[in-house]
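Student: My questions will all concern the structure given below.
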Amino acid sequence: MDVKAAVAHAAGQPLTIETVQLEGPKAGEVLVELKATGICHTDAYTLSGKDPEGLFPAVLGHEGAGIVVEVGPDVSSVKPGDHVIPLYTPECRNCEYCLSQKTNLCQAIRSTQGKGLMPDGTSRFSLDGEPLYHYMGTSTFANYTVLPEIAVAKIREDAPFDKVCYIGCGVTTGVGAVVNTAKVEPGSNVIVFGLGGIGLNVIQGCRMVGANMIVGVDINPAKRPLAEKFGMTHFVNPQEIDGDLVPYLVELTKGGADYTFECIGNVNIMRQALESCHKGWGESVVIGVAEGGKEIATRPFQLVTGRVWRGSAFGGARGRTDVPKIVDWYMDGKINIDDLITHTMPLEKINHGFDLMQEGKSIRSVVLY
Ligand code: NAD
Ligand code: DAO
Ligand code: ZN
């Protein structure tokens, strides 16, 4: 079938809106009509050419929501008409990783997903007979996409697509890092480094679980009002304090934070986040994705003396199981998504959405199909 897509032809070039061809779903796959998709830094990172795994030409996008319109043979968990959120981290419930119950990093389709292909090793997208790569197994910058059944979370039908698409990445990444990865307890003191789309979701996750101090750190003072609305209790601008940031934060939190979250992707801040943790038990969660080739460092004695360094992908969420619950939290008013969607636009204006994000003028832009 012909579908409308924003195609990434080459690194560093704007997306172009084109009619492309999409093959129907094969065994174990579903065809989804997308209703909305968010634009995330990871899409921009890949489009920039800095992503060593980036493939072109491709249909980018990984933060969508839509309706199943057709299912291939052997699909049993969803049917046409179901509302779904595509999952760039699938959940097969059968692989060694899923069965371990120790990780959300399902490996069932990892090798083909990383090559921009469907599990059978081919692409469903093409343009004038030439294949286009899938992206993160989702390719939501098209009004229709094909996904493996294990890479869709079925959600309730009264949830608005233009808001819950953000649960496909940013909301789950931030809130999930608090609930699933760190497992922040009520009364904890936390520090969140970076108050963008991810950091604000970490903040509201911390508020939801009953954290005590929620300290936000950002070099942009304009981030303060919205962060306070989401639950931040103290704001620190590293450029406005006397002395070094780490001792300042350790003093502020009376010995260091119980949990810190790095939501920037800067390896120097990752070190500061670890070293701002409380001696003996503080845990630091790396969420930000640093550029290829960057490395983290600290004095090992930081770990010997009880601080813990860990990372979180997609908020540690098992998508088919956890994403519908996060949709419920939104529908029940436990988390706020509406105030994070700062701009909406048609697919034709998607490059403007990238510009807004890179100029720091948006939290989330959402494309409406
Ligand atoms: P963003 O650009 O919206 O927010 C980053 C914030 O950090 C901004 O407010 C900026 O002012 C602030 N900042 C930049 N440099 C700083 C510094 N030196 N000190 C203090 N603050 C600083 O980005 P985002 O959308 O919130 O994404 C954050 C990171 O999370 C990115 O690296 C992204 O790739 C990553 N991410 C990770 C996952 C995952 O599963 N682990 C998922 C999605 C995104
Ligand atoms: O299993 O090796 C693997 C792949 C894990 C991918 C996790 C991606 C998390 C961070 C990327 C940013 C998402 C927008
Ligand atoms: Zn699995």
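Student: Hey, among the residues in the range 41-67 that are away from ligand 1 (no atom under 15 Å from the Cβ) and within 22 Å of the chain's Cα centre (by Cα), which one's surrounded by the fewest Cβ atoms within 10 Å (Cβ to Cβ)?
Tutor: Restricting to residues being away from ligand 1 (no atom under 15 Å from the Cβ) and within 22 Å of the chain's Cα centre (by Cα), the top hit is GLY49.
Student: List, please: which pairs have Cβ atoms under 9 Å, are six or more places apart or on different chains, and start with a residue in the range 228-257 that is assigned by TED's automatic domain parsing to the domain that holds ASN212 and more than 24 Å from GLN302 (Cα to Cα) and end with one that is assigned to a strand (DSSP E or B) and aromatic (Phe, Trp, Tyr)?
Tutor: GLU228/PHE235
Student: Which ranges mark the helices (runs of 4 or more DSSP H) fully within the range 87-197 that have 2 or more residues being in contact (Cβ under 8 Å) with a residue 24 or more places away in the chain and within 30 Å of GLU275 (Cβ to Cβ)?
Tutor: Ranges flagged: 170-176.
Student: Quick one: would you say ALA153 is touching a helix residue (DSSP H, G or I) at 6+ places or on another chain (Cβ under 6 Å) and within 17 Å of GLY28 (Cα to Cα)?
Tutor: yes
Student: Where residues in the range 305-326 are loosely packed, with under 15 Cβ neighbours inside 10 Å and in contact (Cβ under 8 Å) with a residue 40 or more places away in the chain, which of them is farthest from ligand 1 (Cβ to nearest atom)?
Tutor: Out of the qualifying residues, it is THR321.
Student: Condition first: more than 16 Å from the chain's Cα centre (by Cα) and more than 16 Å from ligand 3 (Cβ to nearest atom). Now tell me which residues in the range 77-106 satisfy that.
Tutor: Scanning the range 77-106 gives VAL78, LYS79, PRO80, GLY81, ASP82, HIS83, VAL84.
Student: Also: Which residues, counting only those in the range 83-106, are more than 16 Å from ligand 1 (Cβ to nearest atom) and among the polar types (S, T, N, Q)?
Tutor: Those that are more than 16 Å from ligand 1 (Cβ to nearest atom) and among the polar types (S, T, N, Q): ASN94, SER100, GLN101.
Student: Checking LEU200 against (1) closer than 30 Å to LEU347 by Cα; (2) away from ligand 1 (no atom under 16 Å from the Cβ), which test does it fail?
Tutor: The one condition LEU200 does not meet is (2).
Student: Quick one: how many residues across the range 282-304 are without any contact (Cβ under 8 Å) to a residue 40 or more places away in the chain and surrounded by 13 or more Cβ atoms within 10 Å (Cβ to Cβ)?
Tutor: Selection size over the range 282-304: 7.
Student: I've got another one for you. Among CYS277, CYS263, which is the only one that is of a type outside the set (S, T, N, Q) and touching a Lys or Arg at 6+ places or on another chain (Cβ under 8 Å)?
Tutor: CYS277
Student: From the list GLY170, GLY176, which one is within 13 Å of ligand 2 (Cβ to nearest atom), of a type outside the set (D, E, K, R), in contact with a strand residue (DSSP E or B) (Cβ under 8 Å, 6 or more places away or on another chain) and farther than 24 Å from GLY28 by Cβ?
Tutor: GLY170
Student: Would you pick out the residues in the range 110-123 that are near ligand 2 (Cβ under 10 Å from one of its atoms) and buried (at least 21 other Cβ atoms within 10 Å of the Cβ)?
Tutor: Result: GLN113, single match.
Student: Right, something else. How about the range 1-40: which of its residues are of a type in the set (Gly, Ala, Ser) and either surrounded by fewer than 19 Cβ atoms within 10 Å (Cβ to Cβ) or more than 27 Å from LEU340 (Cα to Cα) (or both)?
Tutor: Residues satisfying the conditions are ALA10, ALA11, GLY12, GLY24, ALA27, GLY28.
Student: Output the residues belonging to the range 317-369 that are part of a strand (DSSP E or B) and either of a type outside the set (A, V, I, L, M) or farther than 10 Å from ILE39 by Cα (or both).
Tutor: ILE341, THR342, HIS343, THR344, MET345, ARG364, SER365, LEU368
Student: So TRP329 clears everything in (1) more than 16 Å from ligand 1 (Cβ to nearest atom); (2) of a type in the set (A, V, I, L, M, F, W, C); (3) over 18 Å from the mean Cα position of the chain (by Cα) except one condition, right? Which one?
Tutor: Of (1) more than 16 Å from ligand 1 (Cβ to nearest atom); (2) of a type in the set (A, V, I, L, M, F, W, C); (3) over 18 Å from the mean Cα position of the chain (by Cα), only one is false for TRP329: (3).
Student: Shifting gears a bit: Would you confirm, using the coordinates I've provided, whether VAL75 is farther than 25 Å from ARG364 by Cα, of a type in the set (Val, Ile, Thr), buried (at least 16 other Cβ atoms within 10 Å of the Cβ) and more than 16 Å from ligand 2 (Cβ to nearest atom)?
Tutor: yes
The values are calculated or read from the model by the stated rules, or taken from the named source; none is laboratory data. Computed from a prediction, not measured in an experiment: that's the story for all the values here. Please note: Cβ atoms are built from the backbone with ideal geometry, for glycine as well, and neighbour counts cover all protein chains shown.
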